[in-house]
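First comes the structure, then the notes that go with it.
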Amino acid sequence: DHGCFAAGIDHGFRIYNCDPFREIFRRDFDRGGGIGVVEMLFRCNILALVGGGPDPQYPPNKVMIWDDHQSRCIGELSFRSEVRSVRLRRDRIVVVLEQKIFVYNFADLKLLHQIETIANPKGLCAVSQGVGSLVLVCPGLQKGQVRVEHYASKRTKFIMAHDSRIVCFALSQDGQLLATASSKGTLVRIFNTVDGSLLQEVRRGADRAEIYSLAFSSNAQWLAVSSDKGTVHVFSLKINGGSPGIDRSQSASDPVTSPHSSLSFIKGVLPKYFSSEWSVAQFRLVEGSQYIVAFGHQKNTVVILGIDGSFYRCQFDPVNGGEMTQLEYHNFLKPEAAF
């Protein structure tokens with residue numbers, strides 16, 4: 001729910017609360033102790049850890065299930081190749097390797113499903129976090145394709161989302177909406193996961209960019225995007241998460257629809273570039289550094305985390321948009337940030 005974040009470091013891991021910002025937990029391992037992946041199971045004491053860095057605490061081909069009440073591992077899963085990422089739900093553990101994904105039952109670590117994917121070095125995978133049924137999204141078997149698993153209805157949907165390689169995607173909390181970006185990094189597409197239809201397309205910019213992260217707000221009214229261009233964009237979504245494809249009735253508090261190019265009145269003549277939607281609000285950061293984004297718990301706020309330890313909380317104006325206002329900045333890797 002974007003309420004916390006975790007950082008794996010060369011000698012352990014840290015867990016932080018986003019709002020208010022504070023470190024809530026740290027674990028330092030004595031010898032070496034590099035952690036490459038820390039995945040939290042909501043706010044409980046169970047974490048999935050994978051070793052990483054120059055001196056890994058655990059082999060990088062193992063997922064360790066760590067119980068912090070007992071300060072020890074209560075389970076482990078071993079693989080033939082390096083673990084790229086892990087996703088947890090109360091009922092499932094999803095482990096992502098370079099070309100394969102394994103889905104386990106959490107209670108007894110029984111393997112339930114295996115999925116083959118195209119080469120997936122970043123370990124791209126998203127699972128719905130709502131209480132309802134599990135929706136899992138991963139790369140398909142061909143370039144530009146995503147695979148959507150609806151476990152409740154036992155249905156698999158393939159979506160040809162882009163012409164070029166998929167580099168990033170995100171699911172809304174209920175798993176009904178999927179946002180995707182390709183290696184071009186100019187457009188982000190939003191799909192209905194049930195029927196695979198394209199609902200909306202938004203434009204980050206005109207030139208190529210590497211998109212690092214995408215995030216839906218909790219009510220799927222907004223989408224945030226971060227890239228190596230150093231700008232975080234917030235887009236207005238015209239889809240109501242509850243009933244895909246139906247426009248939300250414009251209530252007084254609703255934003256004006258996303259700004260089209262002012263040239264859109266001659267859109268029959270101009271290339272498509274001018275008719276795709278641009279972001280409502282932006283926040284500028286140092287270019288070239290890697291950032292991930294999420295929505296804050298307070299209305300119209302965005303949380304931005306940098307791999308350099310920077311933590312920003314910003315606010316955007318839902319009606320007028322424009323530059324976001326910075327509310328807060330910390331460096332979460334500096335010890336003085338600890339409370």
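General observations
- Charge dipole of segment 1-83 (Cα centre as origin; +1 on each Lys and Arg Cβ, -1 on each Asp and Glu Cβ, all else neutral): 100 debye, rounded to the nearest 20.
- Oblate is the label for segment 1-114, because a/c, from the alpha-carbon gyration tensor with a ≥ b ≥ c as root eigenvalues, is 1.5 or above and a/b does not exceed b/c.
- Gaussian network model of the chain, Cα within-10 Å springs - most flexible of Glu39, Glu98, Glu287: Glu287
- Centre separation in Å (Cα based) which lies between segment 53-114 and segment 288-310: 26
- Accessible area ranking (1.4 Å probe, heavy atoms, ligands and nucleic acids excluded), largest first, for His330, His11: His11, His330.
- Full-extension gain in nm, Gln99 to Met160, via 0.36 nm per residue minus C-alpha separation: 20.1 nm
- Accessible area of Trp222 in the full protein assembly, 1.4 Å probe (Å², nearest 10): 10
- Summing charges over neighbours of Thr301, with a neighbour being any other residue whose Cβ is under 13 Å away from its Cβ, gives -1 when K and R count +1 and D and E count -1.
- Ordering Ser153, His297, Tyr16 by the projection of their Cα atoms onto the charge dipole of the chain, which places +1 on the Cβ of Lys and Arg and -1 on the Cβ of Asp and Glu, puts Ser153 at the extreme positive end.
- For the residues Thr193, Thr186, a 1.4 Å probe over the protein chains yields an accessible-area ranking, largest first, of Thr186, Thr193.
- Residues Lys154, Lys122, Lys229, ordered by accessible area of protein heavy atoms at a 1.4 angstrom probe radius and largest first, appear as Lys154, Lys122, Lys229.
- Short-range pairs are left out: with C-alpha atoms under 8 Å and at least six residues apart, the relative contact order of the chain is 9 percent.
- Per residue accessible area in Å² of the chain, where ligands, DNA and RNA are left out and the probe is 1.4 Å: 46
- Taking every protein chain into account, the 1.4 Å probe leaves Cys168 with about 10 Å² of accessible area, to the nearest ten.
- If the chain linking Ile307 and Arg208 were pulled fully straight, counting 0.36 nm for each residue of separation and taking away their Cα-Cα distance, it would gain 33.5 nm.
- Reachable aspartates and glutamates from Lys229, criterion Cα separation under 20 angstrom, eight or more residues apart if same chain: Glu201, Asp207, Glu210, Glu277, Glu287, Asp308, Glu323
- Taking Phe216, Phe25, Phe191 as the candidate residues, the one with maximal mean-square fluctuation in a Gaussian network model of the chain, Cα springs under 10 Å, is Phe25.
- Straight-line cross-link reach from Lys62 at under 25 Å between alpha-carbon atoms covers these lysines, not counting any fewer than eight positions away in the same chain: Lys100, Lys110, Lys122.
- Partners for Lys299 among lysines (Cα-Cα distance below 19 Å; same-chain residues under 8 apart left out): Lys238
- With K and R counted +1 and D and E -1, the other residues having a Cβ less than 15 Å from that of Lys157 yield a net charge of +2.
- Shape category assigned to segment 35-79 from the gyration tensor of Cα positions, a/c cut at 1.5: prolate
- The accessible area of Lys110, taken with all protein chains in place and a 1.4 Å probe, comes to roughly 120 Å².
- The chain, accessible surface, carbon-and-sulfur percent (1.4 angstrom probe): 50
- Shape of segment 98-141, Cα gyration tensor, a/c cut at 1.5: oblate
- Along its principal axes, the chain has C-alpha extents of 64, 47, 34 angstrom, given from the largest down.
- Note on Lys334 and Val319: their simple-model spin labels are 3.8 nm apart, each label 7 Å out from Cα toward Cβ.
- Environment charge of Glu98, counting only residues whose C-beta is closer than 12 Å and scoring Lys/Arg +1, Asp/Glu -1: +2
The values are calculated or read from the model by the stated rules, or taken from the named source; none is laboratory data. Computed from a predicted model, the values in this text were never measured in an experiment. Counting neighbours? That spans all protein chains shown, and the Cβs are built from the backbone with ideal geometry, glycine included. Heads up: the accessible areas ignore ligands, DNA and RNA and are worked out on the full protein's heavy atoms, side chains in. Shrake-Rupley method; radii C 1.70, N 1.55, O 1.52, S 1.80 Å.
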